[in-house]
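So the structure is just underneath, and the comments pick up after that.
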Amino acid sequence: MSKIILVYLLVLNLAGLAVMGIDKYKAVRHAWRIPEKTLFLVSILGGCAGTWIGMYLFHHKTRHWYFVVGMPLILIFWIALLVLGYRFW
């Protein structure tokens, strides 16, 4: 796999972990929150593993079915994309 893709995915997954942590921090303090669309966007762009780990690490959004179901589905999509893409590179 290309180093560029690996760096891209590493950065996006760290960003996914960070946005979940920041949003949880803001939720506890009743501050302005990160929109759920943004959380999903980071995941769809490739940060799904980090976002999913952040959900359970920070105990955040784990009661919302669309996060509990959506994040693993996005992760499965990315794994399939990487496996299929690797076969054609």
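The values are calculated or read from the model by the stated rules, or taken from the named source; none is laboratory data. The structure displayed is predicted, hence computed values, not measured ones. Backbone-built Cβ (ideal geometry, glycine too); neighbour counts: all protein chains shown. To get the accessible areas, we keep the full protein, side chains included, count just its heavy atoms, and leave off ligands, DNA and RNA. Shrake-Rupley method; radii C 1.70, N 1.55, O 1.52, S 1.80 Å.
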Practice problem: Could you grab the Rg to Rh ratio for the chain? Cα atoms only, Kirkwood for Rh. | Solution: 1.03
Exercise. Please go through segment 12-70 and write out the trypsin sites (Lys or Arg not before Pro) that DSSP classes as loop and that have at most 15 other C-beta atoms within 10 Å.
Key: ARG29, ARG33, ARG63
Quiz prompt | Backbone N within segment 37-78 under 18 Å of label point (7 Å from VAL28 Cα along the Cβ vector) | solution = 53-63
Quiz item: What accessible surface, in Å², does a 1.4 Å probe find on SER43, ignoring ligands, DNA and RNA and rounding to the nearest 10?
Solution: 0
Quiz item: How far is it, in nm, from the label point at ILE53 to the one at VAL69 when both lie 7 Å from their Cα along the line to the Cβ?
Solution: 2.7
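So which helices of the chain fit the span-like rule, where a helix is a whole DSSP H run, its Cα atoms reach 20 Å or more along the axis, and its mean Kyte-Doolittle is at least 0.0?
Membrane-span-like by this rule: 3-28, 65-88.
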Self-check item: Å² of accessible area per residue within the chain, as computed with a 1.4 Å probe and no ligands counted
Solution: 68
